[in-house]
Amino acid sequence: MIIHLPILSHICSRKFSCILYRHALIGDWIIQKMDANLTPWSDSGRWGQRQPSHHQAWNNVKRHPHRRGEHFKLDDARIWMRLHFWAARECGLAEHEPFWNWYILFIRHFVNVYDGRAPPYARADAEWSSSVSNIQTYLDNNRRMSDVINARTGY
């Protein structure tokens, strides 16, 4: 295996701190998907908790009032990918090219759960995370990605 559980847990912790949501350890889930012989997600007692976690996120008070309760859409999925890739970059994983390419494909595969139109954006959103200017714009804009959010009609 290329990556160790503590590093992946740290990446996932960084992602959630980037958006100021409560800490969520999805690193265990990713590790379990990477290697069927490792079962940290199941062993932690969180097996079957993905759907309740998504329900919490859909109804999070930090979501726009018009969006609260809705399932994730394309803009949500793209923001999710950008934050994942940003956190992974901060941990140095983009420097390991074989892992980085695999991780982009991994995220591309699973983001389909949120919105089937999102997978083609995976590589572009990974690239987005490489730009200091993009990150600074996100932070300066009250942690909102207007370029993605404004692309959705009715918001």
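Give the number of residues within the range 92-109 that are under 19 Å from residue 32 (Cβ atoms) and not aromatic (Phe, Trp, Tyr). Working first, answer last.
Of the range 92-109, the ones under 19 Å from residue 32 (Cβ atoms) are 93, 99, 102-103, 105-109.
The next check asks that each one be not aromatic (Phe, Trp, Tyr); those that pass are 93, 105, 107-109.
Within the range 92-109, residues that are under 19 Å from residue 32 (Cβ atoms) and not aromatic (Phe, Trp, Tyr) number 5.
Yes/no matrix, rows are residues, columns are (1) surrounded by 15 or more Cβ atoms within 10 Å (Cβ to Cβ); (2) within 12 Å of the chain's Cα centre (by Cα); (3) at pLDDT 90 or above; (4) not in a helix (DSSP H, G or I):
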{"position": "77", "(1), (2), (3), (4)": "yes, yes, yes, no"}
{"position": "84", "(1), (2), (3), (4)": "yes, yes, no, no"}
{"position": "106", "(1), (2), (3), (4)": "yes, yes, yes, no"}
{"position": "120", "(1), (2), (3), (4)": "no, no, yes, no"}
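For the range 35-75, enumerate the residues that are small (Gly, Ala, Ser), surrounded by 13 or more Cβ atoms within 10 Å (Cβ to Cβ), more than 27 Å from residue 129 (Cα to Cα) and at pLDDT 80 or above. Before you say what the answer is, go through the steps one by one.
Pass one, the range 35-75, residues small (Gly, Ala, Ser): 36, 42, 44-45, 48, 53, 57, 69.
Keeping just the survivors that are surrounded by 13 or more Cβ atoms within 10 Å (Cβ to Cβ) gives 42, 44, 53, 57.
Filter once more, so that each one left must be more than 27 Å from residue 129 (Cα to Cα): 42, 44.
42, the sole residue that qualifies.
Looking only at the range 53-67, which residues are closer than 16 Å to residue 114 by Cβ and either without any contact (Cβ under 8 Å) to a residue 12 or more places away in the chain or outside any loop (DSSP other than H, G, I, E, B) (or both)? Can you show your working first?
Taking the range 53-67 and keeping what is closer than 16 Å to residue 114 by Cβ, we get 53-60, 63, 67.
Listed by number, the residues that qualify are 53, 54, 55, 56, 57, 58, 59, 63.
The values are calculated or read from the model by the stated rules, or taken from the named source; none is laboratory data. Predicted model only: the values in this text are computed from it and were never measured. Here Cβ is always computed from backbone atoms with ideal geometry, including for glycine, and neighbour counts include all displayed protein chains.
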